[in-house]
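Participant: The following block contains the structure, expressed as structure tokens.
The values are calculated or read from the model by the stated rules, or taken from the named source; none is laboratory data. Everything numeric here is computed off the predicted structure, so don't read it as measured data. Cβ: placed from backbone, ideal geometry, glycine included. Neighbour counts: every protein chain shown.
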């Protein structure tokens, strides 16, 4: 159990792997970074060289057709918003989809969820995926940086579900993922945005 409710040194969760690719990282209240307030991040890469993921629950005030290249925007509903994947490379677009055949993804995140190849033929893509979501920018860490943050109790490990990626209620995702973990995390999920009002 982590230090969420104690002042002792952190103890790694027994089921949390060292490599977080394909996992969720949930921002702990102890993480003092406005970019990641109550963020839930799907990790796409994690190695000794660093890590990369996208924030799933920070929608931007921009529709897909306003910010995406036309050949990418055509794959999304007109009213679909783009999500802020993180503070790095904000001009970069990462698109996640639920694939009929995961092998069609440029990179599989977990199960049948993967990254769309930006050079994909839109005609082929329409037959390959069920649902798509676009993320502007990403969350990145240099070598050893994420590991240090985890040791500082900044992130909580969780298993992803497909519904997390394409949630229609991003404002609830942080609490939902913690509640799913149960125990002390379920209590944390009910904590108000500002603990001083509790």
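Participant: Considering only residues that are part of a helix (DSSP H, G or I) and either touching a helix residue (DSSP H, G or I) at 6+ places or on another chain (Cβ under 9 Å) or closer than 18 Å to residue 41 by Cβ (or both), which ones fall in segment 81-128?
Facilitator: Correct list: 104, 122, 124, 125, 128.
Participant: Would segment 13-21 turn up any residue that is over 14 Å from residue 149 (Cα atoms), modelled with pLDDT of 75 or more and surrounded by 15 or more Cβ atoms within 10 Å (Cβ to Cβ)?
Facilitator: Within segment 13-21, one or more residues are over 14 Å from residue 149 (Cα atoms), modelled with pLDDT of 75 or more and surrounded by 15 or more Cβ atoms within 10 Å (Cβ to Cβ).
Participant: Spot the failing condition for residue 131; the list is (1) in a helix (DSSP H, G or I); (2) surrounded by fewer than 17 Cβ atoms within 10 Å (Cβ to Cβ); (3) in contact with a strand residue (DSSP E or B) (Cβ under 6 Å, 6 or more places away or on another chain), and only one is missed.
Facilitator: The single condition residue 131 does not satisfy is (1).
Participant: Now for a different question. One residue is enough: does segment 136-148 have a residue meeting the conditions touching a helix residue (DSSP H, G or I) at 6+ places or on another chain (Cβ under 6 Å) and over 16 Å from residue 41 (Cβ atoms)?
Facilitator: Looking through segment 136-148, none of the residues is touching a helix residue (DSSP H, G or I) at 6+ places or on another chain (Cβ under 6 Å) and over 16 Å from residue 41 (Cβ atoms).
Participant: Additional query: Taking segment 28-54 as the region of interest, how many residues are surrounded by fewer than 21 Cβ atoms within 10 Å (Cβ to Cβ), outside any loop (DSSP other than H, G, I, E, B) and out of contact with any strand residue (DSSP E or B) (no Cβ under 6 Å at 6 or more places or on another chain)?
Facilitator: Summing the residues that are surrounded by fewer than 21 Cβ atoms within 10 Å (Cβ to Cβ), outside any loop (DSSP other than H, G, I, E, B) and out of contact with any strand residue (DSSP E or B) (no Cβ under 6 Å at 6 or more places or on another chain) in segment 28-54 gives 3.
Participant: Right, here's the next one. Being part of a strand (DSSP E or B), surrounded by fewer than 17 Cβ atoms within 10 Å (Cβ to Cβ) and in contact (Cβ under 8 Å) with a residue 24 or more places away in the chain, is that true of even one residue in segment 150-162?
Facilitator: no
Participant: Ok, one more. Select from segment 55-71 the residues that are in contact with a helix residue (DSSP H, G or I) (Cβ under 9 Å, 6 or more places away or on another chain) and crowded, with 20+ Cβ neighbours inside 10 Å and write down the one among them that is nearest to residue 91 (Cα to Cα).
Facilitator: In this case the residue turns out to be 64.
Participant: From (1) modelled with pLDDT of 95 or more; (2) touching a helix residue (DSSP H, G or I) at 6+ places or on another chain (Cβ under 7 Å); (3) within 18 Å of residue 17 (Cβ to Cβ), pick out the condition that doesn't hold for residue 153.
Facilitator: Here residue 153 clears every test but (1).
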